[in-house]
Amino acid sequence: MGLTCPCKYRLGIEATEATATVVVDGEESMLTESINFSAVQCFTGGPNCNPAVNNFTINFGGRPGSTINFTMGRRGMISCTGNTVATMTNGTARAAGNVLPMGDYTVNFSYTISGDTATVVISAFNEDGDSFDTTFEADVTPQTFIGACDETVGG
């Protein structure tokens, strides 16, 4: 098993339109809604990492219609490539809203920066085969940071 904090990141997407494929009870549908995404893993303002920083949220919808919220998100394995790619695999979150069945979901995502644009891929699924998948592009928020942990500084 890898390090709890092999790197650190602070990611955000605000009010971006995205299309998602949702499967509930074997029925697939395509939904287009506004998405907000935030992930803060191991982040500190200094050179080290803080394993206690462990949160992500995904809010899809908000207008009258379809709402899917993944809250209380906790990391599985995270990784970073340079200062441009952040990923998480096997995270967990609670689903709420009026589309997916409520409960625990496994969540994976990647956030890849190219210039001022991020390509975000998110997938979530539960043990019953219900799922949420989306890929979209959005403006990189000013607070976005992806970087290494320098565990040897000061020690």
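It is to be established whether one or more residues within segment 82-90 are at pLDDT 95 or above, hydroxyl-bearing (Ser, Thr, Tyr) and more than 11 Å from the chain's Cα centre (by Cα). Yes, there is a match, as at least one residue in segment 82-90 is at pLDDT 95 or above, hydroxyl-bearing (Ser, Thr, Tyr) and more than 11 Å from the chain's Cα centre (by Cα). Within segment 19-33, the set of residues being modelled with pLDDT under 95 and within 13 Å of Ile58 (Cβ to Cβ) comprises just one member, Glu33. Within segment 22-42, being surrounded by fewer than 17 Cβ atoms within 10 Å (Cβ to Cβ), acidic (Asp, Glu) and assigned to a strand (DSSP E or B) holds for Glu27, Glu28. Of all the listed residues (Thr16, Thr67, Thr106, Thr87), the sole one being within 18 Å of Ile122 (Cα to Cα) and touching a residue at least 60 places away in the same chain (Cβ under 8 Å) is Thr16.
Scanning segment 103-150 for residues that are of a type in the set (Ser, Thr, Tyr), surrounded by fewer than 16 Cβ atoms within 10 Å (Cβ to Cβ) and within 13 Å of the chain's Cα centre (by Cα) returns Thr119, Thr135. Restricted to segment 63-81, and to residues there that are assigned to a loop (DSSP other than H, G, I, E, B) and surrounded by 15 or more Cβ atoms within 10 Å (Cβ to Cβ), the residue that is modelled with the lowest pLDDT is Ser66.
The values are calculated or read from the model by the stated rules, or taken from the named source; none is laboratory data. Everything numeric here is computed off the predicted structure, so don't read it as measured data. Positions of Cβ are generated from backbone atoms using ideal geometry, with glycine treated the same way; all protein chains shown enter the neighbour counts.
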